[in-house]
Amino acid sequence: MRKPVLGLVTLISAVLFSCQKPLSELESAAIIPLPSSIVAGHGSFELNSGSAIQIIGNSEGLQGLGEVLASRLKPATGFDLPVNADGGDIQLELLGGEESEAYTLVVEEDLIKITANSEAGLFYGIQTLVQLFPVAIENNSITEASWTVPAGKIVDQPEYGYRGSMLDVARHFFTVDDVKYYIDEMAKLKLNSLHLHLTDDQGWRIEIKSWPNLTTIGGKSEVGGGDGGFYTQEDYKEIIAYAAKNYITVIPEIDMPGHTNAALASYGELNPGVNLPDGDFSTMNEGEIDFDILDGDPKAAEIYTGIEVGFSTLATNKEITYQFVEDVIREISEMTPGPYFHIGGDESHVTEKDDYIEFVERVQKITAKYGKTSIGWDEIATTELLKGNVAQFWALAENAKLAIEQGNQVLMSPAKKAYLDMQYDSTSRLGLHWAAYIELDSAYIWDPENYDPGIKKQDIFGIEAPLWTETIETREDLNYMVFPRIAAIAEIAWTPSEKREWSDFQKRIAVQGKRWDINGIGLYKSPKVEW
Ligand code: TNX
């Protein structure tokens, strides 16, 4: 009697199946970075003017998170979605428990639910949810569309805890609004760390109250001789607060002892050496004598507007230099809630090796005194690193290995892959190419844990894509260099390597390109993608 039973089961399931809607399109949705797990369900959720966002759980930021979602959905739909604790068909639930950036997103026909242990997790769930709506959701004015989200379940969490981008505001200055714009775009890609390269030879961009010339002199120029600019301490705090609302930590960088010409132009006493002028003082008239020089201080350097590197150094053997460094680190640390302070340390070609080591070791102690963990470019690994400090790998794997041998971790920014200022190819209208030409596929197809045999998964602190701005002057320039490559780096930082596939990314980035287009972002339309 087995056969008829089996037949009946088959019949019943066939009937059941034919009643069910087909599997939704969730699995082919263009989410970037790609989540760890996506399982399609049946049917879809449709947002309507009666929809509401319900926040569940106990935390100060929940209301704000609900509003983030409401404000992302409002312009195109025109729906004023209320955010409240009483009820709603889109639920954001904070579970509490172990701190993590993970989230779960469940879409059913009449309910969307995002759950997470932390506010950041909910924030990332929201970013994913927005990407599940039709691309027209990006429109800035009310659009007729059916605002459906494919049903299913996404369980997601990042591969690396530090997922960053660096903005060089020293070579060319970028305004507070530009930085906020950059933060918005980073957040959509679930990046959580903004490294601000605040000082370099061509400009000092952060107000230091105890050393005012840094900005009144050192902040007034930039590459090419433009006006430059700087952030007041209020501006800087505004950036930090804006970043925090986007679950982004700001890492301030003061590059030293090299890359310091702007500081050296602001204060003669920070320059090495005493440049006594030639000639006989007794024959000089008053006014011809530079009293700074007679006091033993060398002259301030000239303002520099070119793009050479490696020619400047602080006087590493003078106490005044350490007073300066400490004042700068103290003032900035007091305004910076994040745990990191980037001390630069790259390309100090005119600092004696021993002096460099002494300097970097001493500066690490100063950042520690103000409660910060130091990050520095990979050269700092040639010195003794304090426990927990991080070397940012950009050029030399030997340096990365020196850090690892000391028990320290490495932040991965290999210039050949992760540098957003490298040209795409020899015809790119902007950018440099000293490290490589980096097309979109090249930026995508690499794996931090296999990049160099000496650097293993457990040695990696995180991933960061730096944008140096020698050739980047405007937001338009920035857009062209950053998009689409930043999405490739964001996916490398978020998605486990076994899930990443170029052919799949090609399809998803084409959809993402439509979103950027609608937002007016003039991205580089790589020939590697059918946009
Ligand atoms: C090298 S990367 C530098 C920067 C330049 C960049 C240009 C690094 C740590 N130093 O000073 O802006 O190349 O690509």
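Would you mind stating whether Ile240 is assigned by TED's automatic domain parsing to the domain that holds Ser374, within 14 Å of the chain's Cα centre (by Cα), within 17 Å of Met335 (Cβ to Cβ) and within 16 Å of the ligand (Cβ to nearest atom)? Break it down stepwise before answering.
Values: assigned by TED's automatic domain parsing to the domain that holds Ser374: yes; within 14 Å of the chain's Cα centre (by Cα): yes; within 17 Å of Met335 (Cβ to Cβ): yes; within 16 Å of the ligand (Cβ to nearest atom): no.
In short, no.
Can you pull out the residues in region 359-385 that are over 25 Å from Ala397 (Cβ atoms) and surrounded by fewer than 15 Cβ atoms within 10 Å (Cβ to Cβ)?
Lys365, Lys369, Gly371
From the set of residues in region 392-430 that are of a type in the set (D, E, K, R) and surrounded by 20 or more Cβ atoms within 10 Å (Cβ to Cβ), which is nearest to the ligand (Cβ to nearest atom)?
If we filter region 392-430 for residues that are of a type in the set (D, E, K, R), which is where we start, we get 398, 401, 405, 416-417, 421, 425, 429.
So of that shortlist, the ones also surrounded by 20 or more Cβ atoms within 10 Å (Cβ to Cβ) come out as 401, 417, 421.
On the way: Lys401: 17, Lys417: 13, Asp421: 5 Å.
By that ranking, first place goes to Asp421.
Need pairs with beta-carbon distance below 9 Å; first residue more than 16 Å from Lys190 (Cβ to Cβ) and in the same structural domain as Ala151 (by TED's automatic domain parsing) and within region 104-128, second among the hydroxyl-bearing types (Ser, Thr, Tyr) and modelled with pLDDT under 95; sequence gap 6+ or separate chains.
Val107/Ser24
Kindly check whether there is at least one residue in region 489-508 that is surrounded by 15 or more Cβ atoms within 10 Å (Cβ to Cβ), under 27 Å from Asn519 (Cβ atoms), within 14 Å of the ligand (Cβ to nearest atom) and in the same structural domain as Gly388 (by TED's automatic domain parsing).
No; the residues of region 489-508 include none that is surrounded by 15 or more Cβ atoms within 10 Å (Cβ to Cβ), under 27 Å from Asn519 (Cβ atoms), within 14 Å of the ligand (Cβ to nearest atom) and in the same structural domain as Gly388 (by TED's automatic domain parsing).
Considering each residue of region 66-89, count those that are over 29 Å from the mean Cα position of the chain (by Cα), of a type in the set (A, V, I, L, M, F, W, C) and either under 22 Å from Ile248 (Cβ atoms) or outside any loop (DSSP other than H, G, I, E, B) (or both), and give that number.
So in region 66-89, the residues over 29 Å from the mean Cα position of the chain (by Cα) come out as 77-89.
If we keep only those that are of a type in the set (A, V, I, L, M, F, W, C) too, we end up with 79, 81, 83, 85.
Cutting the leftovers down to either under 22 Å from Ile248 (Cβ atoms) or outside any loop (DSSP other than H, G, I, E, B) (or both) gives us 83.
Total meeting the criteria: 1.
On the basis of being out of contact with any helix residue (DSSP H, G or I) (no Cβ under 9 Å at 6 or more places or on another chain) and in contact (Cβ under 8 Å) with a residue 60 or more places away in the chain, does Val350 make the cut? Step through it out loud before you land on a result.
Numbers: out of contact with any helix residue (DSSP H, G or I) (no Cβ under 9 Å at 6 or more places or on another chain): yes; in contact (Cβ under 8 Å) with a residue 60 or more places away in the chain: yes.
Here the answer is yes, as Val350 does meet what is asked.
Looking at region 431-449, which of its residues are outside any loop (DSSP other than H, G, I, E, B) and either within 14 Å of the ligand (Cβ to nearest atom) or outside the structural domain of Asp459 (by TED's automatic domain parsing) (or both)? Before the answer, list the steps.
First, the residues of region 431-449 that are outside any loop (DSSP other than H, G, I, E, B): 432, 440-444, 448-449.
Residue satisfying the conditions is Leu432 alone.
When only residues in region 106-152 that are hydroxyl-bearing (Ser, Thr, Tyr) and part of a helix (DSSP H, G or I) count, which is surrounded by the fewest Cβ atoms within 10 Å (Cβ to Cβ)? Can you show your working first?
Pass one, region 106-152, residues hydroxyl-bearing (Ser, Thr, Tyr): 115, 118, 124, 128, 141, 143, 146, 148.
Keeping just the survivors that are part of a helix (DSSP H, G or I) gives 124, 128.
Details: Tyr124: 27, Thr128: 20.
The selected residue is Thr128.
Just to be sure I understand, how many residues within region 163-212 are within 16 Å of the ligand (Cβ to nearest atom) and part of a loop (DSSP other than H, G, I, E, B)? Please lay out each step first, then the result.
So in region 163-212, the residues within 16 Å of the ligand (Cβ to nearest atom) come out as 164-174, 195-205.
Retained after the next criterion (residues that are part of a loop (DSSP other than H, G, I, E, B)): 169-174, 198, 201-202, 205.
Qualifying residue count for the region: 10.
So which residues in region 475-504 are within 18 Å of the chain's Cα centre (by Cα) and outside any helix (DSSP H, G or I), if there are any at all?
Listed by number, the residues that qualify are Phe483, Pro484, Thr495.
Within the set of pairs 6 or more residues apart or between chains, which connect a residue that is away from the ligand (no atom under 16 Å from the Cβ) inside region 364-391 to a residue that is acidic (Asp, Glu) with Cβ atoms less than 7 Å apart?
Here the result reads Ile366/Glu326; Glu384/Glu361, each pair linking region 364-391 to a residue that is acidic (Asp, Glu).
What are the residues in region 336-361 that are within 16 Å of the ligand (Cβ to nearest atom) and under 12 Å from Glu384 (Cα atoms), if any?
Answer for region 336-361, where residues must be within 16 Å of the ligand (Cβ to nearest atom) and under 12 Å from Glu384 (Cα atoms): Tyr356, Val360.
Scan region 405-430 for residues that are in contact with a His (Cβ under 7 Å, 6 or more places away or on another chain) and assigned to a loop (DSSP other than H, G, I, E, B) and jot them down.
Gln423 - this is the single residue of region 405-430 that is in contact with a His (Cβ under 7 Å, 6 or more places away or on another chain) and assigned to a loop (DSSP other than H, G, I, E, B).
How many residues does region 302-324 contain that are touching a Lys or Arg at 6+ places or on another chain (Cβ under 8 Å) and part of a helix (DSSP H, G or I)?
Here the count works out to 1.
Does Leu92 meet the test of being of a type in the set (A, V, I, L, M) and not in a helix (DSSP H, G or I)?
Working: of a type in the set (A, V, I, L, M): yes; not in a helix (DSSP H, G or I): yes.
Considered against the rule, which asks whether it is of a type in the set (A, V, I, L, M) and not in a helix (DSSP H, G or I), Leu92 comes out as yes.
The values are calculated or read from the model by the stated rules, or taken from the named source; none is laboratory data. These figures come from a predicted structure and were not determined experimentally. As a convention, Cβ positions derive from the backbone with ideal geometry for all residues, glycine included, and neighbour counts pool all protein chains shown.
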